[in-house]
1. Hey, which of the helices (runs of 4 or more DSSP H) in region 95-153, taking only ones fully inside, have at least 3 residues that are of a type in the set (Gly, Ala, Ser)?
2. Scan region 107-147 for residues that are over 17 Å from residue 27 (Cβ atoms) and of a type in the set (Ser, Thr, Tyr) and jot them down.
3. Within the bounds of region 28-43, is there any residue that is assigned to a strand (DSSP E or B) and not polar (S, T, N, Q)?
4. Looking at 54, 85, 66 in this structure, which one is crowded, with 17+ Cβ neighbours inside 10 Å and either closer than 22 Å to residue 141 by Cβ or among the small types (Gly, Ala, Ser) (or both)?
5. Restricting attention to region 160-187, report how many residues are among the hydrophobic types (A, V, I, L, M, F, W, C), modelled with pLDDT of 65 or more and surrounded by 16 or more Cβ atoms within 10 Å (Cβ to Cβ).
6. Which one of these does residue 123 not meet: (1) within 13 Å of the chain's Cα centre (by Cα); (2) under 22 Å from residue 55 (Cα atoms)?
Amino acid sequence: MSWVARLFGPAVELPEDLTTRLAAWRGLVEDSEQVALADAKLVVVDVETSGLDARRDRVLAIGACALRHERLLAGAGFERIVYQAEATSKENILVHGIAPGEQASGLPAEHALLDFLEFASKHVLVAYHAWFDRTMLDRATREVLGVRLPHRWLDLAHLAPALYPEARLPRASVLMTGCRASTFTYAPGIALWMTYWPPASCC
């Protein structure tokens, strides 16, 4: 891939209906940085992938939920499994729990990713170890849709220990460190981060 394609995204041809939807999303205005965090709409996101190599592995599924005024928005949940021509390894499936049949019946990547962009709009995105989710989603949207993610991100891996020092544990896992700032639950076949303020007393 040329440096121009890497910088601006490769030229991608999409069906007319997807092109129209993508153009509408491009026209959305980002949330103002002047909006107080408590008043902002936040979209908490988690991706499941075929591995931990952000340069080569694939997005298998995207889960998200939306918050505003420190509360989950009723019905504002999102989940998409991305079609895989070939199922990932048994070891990988043990991590994310997305069975081969679910991978084979997932949505085409362009539909799943565009659905996510429309759900997230251009609100602030929240994740745990956000660099990985951000890199995976940005690479996928560039390759499949020809766009880069313009979103600002909050990283719970840094935010949770700062707000709740007692949750800072040696070699803490996603569940252990983030527990007071979020509750990790499962929708069918996909992991969802559901963040609560005030934090749930789960640890």
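1. Values: elements: 100-104, 109-120, 130-145.
Counting at least 3 such residues, we get 109-120.
2. 128, 135
3. Applying the first criterion (assigned to a strand (DSSP E or B)) to region 28-43 yields 42-43.
Pick out the ones that are also not polar (S, T, N, Q) and you get 42-43.
Within region 28-43 (the criterion being assigned to a strand (DSSP E or B) and not polar (S, T, N, Q)), the answer is yes, since at least one residue qualifies.
4. Values: 54 fails: crowded, with 17+ Cβ neighbours inside 10 Å; 85 fails: crowded, with 17+ Cβ neighbours inside 10 Å.
Matching residue, one of 54, 85, 66: 66.
5. Going through region 160-187, the residues among the hydrophobic types (A, V, I, L, M, F, W, C) turn out to be 160, 162-163, 167, 169, 172, 174-176, 179, 181, 184, 187.
If we keep only those that are modelled with pLDDT of 65 or more too, we end up with 160, 162-163.
Filter once more, keeping what is surrounded by 16 or more Cβ atoms within 10 Å (Cβ to Cβ): 160.
Going through region 160-187 one residue at a time, the tally reaches 1.
6. Only one criterion is unmet by residue 123, namely (2).
Results for (1) modelled with pLDDT of 95 or more; (2) polar (S, T, N, Q); (3) under 16 Å from residue 138 (Cα atoms), shown as yes or no for each residue.
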{"site": "5", "(1), (2), (3)": "no, no, yes"}
{"site": "10", "(1), (2), (3)": "no, no, yes"}
{"site": "21", "(1), (2), (3)": "yes, no, no"}
{"site": "39", "(1), (2), (3)": "no, no, no"}
{"site": "43", "(1), (2), (3)": "no, no, yes"}
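Matching residues to (1) in contact with a Lys or Arg (Cβ under 7 Å, 6 or more places away or on another chain); (2) touching a residue at least 24 places away in the same chain (Cβ under 8 Å); (3) on the phi > 0 side of the Ramachandran plot:
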| position | (1), (2), (3) |
| --- | --- |
| 68 | yes, yes, no |
| 92 | no, yes, no |
| 109 | no, yes, no |
| 115 | yes, yes, no |
| 128 | no, yes, no |
| 162 | no, no, no |
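The values are calculated or read from the model by the stated rules, or taken from the named source; none is laboratory data. Just so you know, these numbers come straight off a predicted model, no measurement behind them. Every residue, glycine as well, gets a Cβ built from its backbone with ideal geometry; the counts of neighbours run over all protein chains shown.
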